[in-house]
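Colleague: What follows is a single structure, and I will ask about it in a moment.
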Amino acid sequence: LERAQRALLDKTQHIFEHITSDASVDAMPREIRAIAGFTAEYAHTYADDRVAALVGGFVMLRLFNPSILTPEAFGVLPSGVVPSRPP
C-alpha cells in the first residue's frame, strides 16, 4: 500500500509540475490566461488569501474539465479514437 501511495504521489507531482510549467502556461489559450490574470488581480484585492484557489478553480472549470469530458474535441485523443464507455 505504501508503495502504491508513493507512486500516486510521484505521478501527481509530475502532472502538477507539467501543468504549471512555463511551456504549459505559454500554450494555454490567450483568452484563458487573460481572464485568469484578471481573476488573480481582483482576488488580490478582495480575497488575498484565496488567489490560488480562485485562479486554479477557474482554470480547472474552463480549461481542464471540458477537455476531460470531451477529449476528442480538444485534441487530447488522436483523431479516429473513440473513448470507451464503462458497461
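The values are calculated or read from the model by the stated rules, or taken from the named source; none is laboratory data. Remember, predicted model here, so these are calculated numbers, not experimental data. Cβ: placed from backbone, ideal geometry, glycine included. Neighbour counts: every protein chain shown. Side chains are part of the model used for accessible areas, which takes the heavy atoms of the whole protein and leaves out ligands, DNA and RNA. Shrake-Rupley method; radii C 1.70, N 1.55, O 1.52, S 1.80 Å.
Colleague: Out of the residues in region 1-22 that are hydroxyl-bearing (Ser, Thr, Tyr) and open to solvent by 60 Å² or more (accessible area, probe 1.4 Å), state the one that is modelled with the highest pLDDT.
Modeller: Residue satisfying both the conditions and the ranking: Thr12.
Colleague: Looking at Val76 and the list (1) part of a helix (DSSP H, G or I); (2) at pLDDT below 90, which single condition is not satisfied?
Modeller: (1)
Colleague: Then there's this: Let me confirm something: among Val59, Val25, Val81, which residue is open to solvent by less than 90 Å² (accessible area, probe 1.4 Å) and more than 13 Å from the chain's Cα centre (by Cα)?
Modeller: None of the other options fit; the residue is Val81.
Colleague: Cβ-Cβ below 6 Å, separation at least six or inter-chain, first residue in region 60-87 and under 19 Å from Ser24 (Cβ atoms), second part of a loop (DSSP other than H, G, I, E, B) and modelled with pLDDT under 80: which pairs?
Modeller: Listed by first residue and then by second, the contacts come to Ser67/Val76; Pro71/Leu77.
Colleague: May I pose another question? Do we have Ala40 as surrounded by fewer than 11 Cβ atoms within 10 Å (Cβ to Cβ), of a type in the set (Gly, Ala, Ser) and in a helix (DSSP H, G or I) here?
Modeller: In short, no.
Colleague: Does region 43-56 hold any residues that are over 9 Å from the mean Cα position of the chain (by Cα) and either hydrophobic (A, V, I, L, M, F, W, C) or closer than 21 Å to Ile15 by Cα (or both), and which are they?
Modeller: Ala43, Ala47, Val51, Ala52, Ala53, Leu54, Val55
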